[in-house]
Amino acid sequence: MVPVRSFDGGEFSAYLALPTGGRGPGLVVLQEIFGVNANMRAVCDWFAARGFAALCPDLFWRMEPNLELSPDRDFDRALALLNKLDQAQAVDDAAAAMAYLRGHASCTGRVGVVGYCLGGRLAYLVSARHKPDAAIGYYGIMIEGALDEANRITCPLMLHIAGMDKYCPPLAREQIIAALPNATIHVYPNSDHAFARKGGMHYDLQAAELANLRTIEFLLRTLMVKPHSIEAIWAEHIQHEFSTRSTEDTLATMVEDAYVNHIPVLTGGVGKTQLREFYSKHFIPKMPPDTTLTPISRTIGDEQIVDEMIFRFTHSIEMDWMLPGVAPTGKRVEVPLVAIVRLRGDKLAHEHIYWDQASVLVQLGLIDSTNLPVAGVETARKAENPNYPSPPSK
């Protein structure tokens, strides 16, 4: 059990099962109405054995922390807790668990959510409110009462619904399917509620194995991003920035809450509204026509790519994004530039862009490097050629 900080400053416990390979995608496992009991811990262990960092938060902590109830003996008590649960707070607590996993050393940074019974509804609500990388709900109960939030879901969503479940009757099932045309919904016609709970009254081995196989395939497809995919997405983004010069096509490669941060001069934007303004007015039309990017090195992680390159241009136009307020000098600039780019799913989540602004200003004649520990075009030469001679000490 590990402590997790809630968004409103409290602290609750959660069961953490680490991936057998040491590192993998994160998965928040949302409990049934019986707390973080042996069954939920076993579910986490099952996911961990398949390469996920699985975390099951105690969603009843505000009422009775650390409860472990039995479906056979404690159903009435569990139902009473469900009726008292503030589900909006529970959704936020699930999101706090997501944040915990994203920062954990065993997690690649990509985090999905899977829930059972009550947790299945909460997984649906988390997908609408907190943008996990993927969401899965078992049994579909009570989702029909929250379908007004369906249009807010942007992540891949899968639901497993039991055809004989009295808590999700045919009318509710039809409403859910109609409202979620982009979701992957599987119906198990001969199964009843909680068919995937081992040892439960309605446990259905065949349906449970099929649902779990579908779940794993879905999670591997949505939470695992292959390196060549990262390169392709980043390459498409750069193409629209520098070749097609299309703001909308550039934004189409990014998530809704993406941000760009040009560290040396603090330009960029957060979210697509700001980025649309930035790209359309201050970046794309303010890029010199002879701009080139020469790659030096590339490092690819699970969902992050780091590019080291030489950025070359002639300062023939105003460059709001790099040299705000500086009139064109007509001078040539060559400077090392590093882009640290993170993905979420198949789109860019953020860009951190670094370059040596002092070197740029030296090359434009705006600062004198004679008596300062800065260099001009030599930085580019040194980046491309490690054997480029270092200057004598001043």
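Annotation note: of PRO328, PRO336, PRO295, the sole residue that is more than 18 Å from GLY109 (Cβ to Cβ), modelled with pLDDT under 95 and not basic (Lys, Arg) is PRO295.
Consider HIS193 against the criteria (1) in contact (Cβ under 8 Å) with a residue 12 or more places away in the chain; (2) open to solvent by 60 Å² or more (accessible area, probe 1.4 Å); (3) not in a helix (DSSP H, G or I): it satisfies all of them except one. Which criterion is unmet? Status for HIS193: all satisfied but (2). For segment 209-252, the set of residues classified as over 16 Å from the mean Cα position of the chain (by Cα), surrounded by 15 or more Cβ atoms within 10 Å (Cβ to Cβ) and not in a helix (DSSP H, G or I) consists of ARG245, SER246, listed by residue number.
Pick from VAL255, VAL265, VAL260: which is within 23 Å of the chain's Cα centre (by Cα), within 17 Å of TYR354 (Cα to Cα) and hydrophobic (A, V, I, L, M, F, W, C)?
Values: VAL255 fails: within 17 Å of TYR354 (Cα to Cα); VAL265 fails: within 23 Å of the chain's Cα centre (by Cα).
Going through VAL255, VAL265, VAL260 in turn, just one is within 23 Å of the chain's Cα centre (by Cα), within 17 Å of TYR354 (Cα to Cα) and hydrophobic (A, V, I, L, M, F, W, C): VAL260.
When the test is whether a residue is part of a loop (DSSP other than H, G, I, E, B), of a type in the set (Ser, Thr, Tyr) and at negative phi, SER280 does not pass it. Only a single item in (1) closer than 20 Å to VAL113 by Cβ; (2) touching a Gly at 6+ places or on another chain (Cβ under 9 Å); (3) surrounded by fewer than 16 Cβ atoms within 10 Å (Cβ to Cβ) is not met by ASN182, and it is number (2). Exactly one residue out of THR299, THR267, THR273 is polar (S, T, N, Q), out of contact with any strand residue (DSSP E or B) (no Cβ under 6 Å at 6 or more places or on another chain) and open to solvent by 60 Å² or more (accessible area, probe 1.4 Å): that is THR273.
Looking only at segment 77-133, filter to residues that are charged (D, E, K, R), part of a helix (DSSP H, G or I) and more than 16 Å from VAL29 (Cα to Cα); which one of those is nearest to the chain's Cα centre (by Cα)? Outline the logic, then answer.
In the first step, residues of segment 77-133 are kept if they are charged (D, E, K, R); the result is 77, 84, 86, 92-93, 102, 110, 121, 129, 131, 133.
This time we only want the ones that are part of a helix (DSSP H, G or I), so: 77, 84, 92-93, 102, 121, 129.
Adding the requirement that they be more than 16 Å from VAL29 (Cα to Cα) leaves 77, 84, 129.
On the way: ARG77: 36, LYS84: 31, ARG129: 13 Å.
If we take residues in segment 77-133 being charged (D, E, K, R), part of a helix (DSSP H, G or I) and more than 16 Å from VAL29 (Cα to Cα), then ARG129 is nearest to the chain's Cα centre (by Cα).
Go over the candidates ILE284, ILE340 one by one and state the one that is surrounded by fewer than 19 Cβ atoms within 10 Å (Cβ to Cβ), in contact with a His (Cβ under 7 Å, 6 or more places away or on another chain) and not polar (S, T, N, Q).
On the way: ILE284 fails: in contact with a His (Cβ under 7 Å, 6 or more places away or on another chain).
Being surrounded by fewer than 19 Cβ atoms within 10 Å (Cβ to Cβ), in contact with a His (Cβ under 7 Å, 6 or more places away or on another chain) and not polar (S, T, N, Q) holds for just one of ILE284, ILE340, which is ILE340.
Mind checking which residues of segment 3-39 are open to solvent by less than 30 Å² (accessible area, probe 1.4 Å), farther than 22 Å from ARG221 by Cα and in contact (Cβ under 8 Å) with a residue 60 or more places away in the chain? Answer for segment 3-39, where residues must be open to solvent by less than 30 Å² (accessible area, probe 1.4 Å), farther than 22 Å from ARG221 by Cα and in contact (Cβ under 8 Å) with a residue 60 or more places away in the chain: VAL4, SER6, PHE12, ALA14, GLN31, GLU32, ILE33. From the list THR370, THR379, THR329, the one residue that fits, being outside any strand (DSSP E or B) and open to solvent by 80 Å² or more (accessible area, probe 1.4 Å), is THR370.
Counting just the residues of segment 47-59 that are surrounded by fewer than 24 Cβ atoms within 10 Å (Cβ to Cβ), without any contact (Cβ under 8 Å) to a residue 40 or more places away in the chain and at negative phi, which one comes out nearest to the chain's Cα centre (by Cα)? Give the steps one after another, and end with the answer.
From segment 47-59, those surrounded by fewer than 24 Cβ atoms within 10 Å (Cβ to Cβ) are 48-51, 58; that's our starting set.
With without any contact (Cβ under 8 Å) to a residue 40 or more places away in the chain added as a condition, the list becomes 48-49, 51.
Then drop every residue that is not at negative phi, which leaves 48-49.
On the way: ALA48: 19, ALA49: 22 Å.
Step by step, filter segment 47-59, then rank; the result is ALA48.
Cβ-Cβ contacts under 6 Å between residues 6 or more apart (or on different chains), taken from a first residue in segment 249-276 that is within 14 Å of ASP320 (Cβ to Cβ) to a second residue that is open to solvent by 50 Å² or more (accessible area, probe 1.4 Å), are listed as GLY268/ASN261.
The values are calculated or read from the model by the stated rules, or taken from the named source; none is laboratory data. These numbers were taken from a predicted model, which means no experiment stands behind them. Ideal geometry is used to build each Cβ from the backbone, glycine not excepted, and the neighbour counts take in all protein chains shown. Each accessible area value is taken on the protein alone, full model and side chains, heavy atoms only, with ligands, DNA and RNA left out. Shrake-Rupley method; radii C 1.70, N 1.55, O 1.52, S 1.80 Å.
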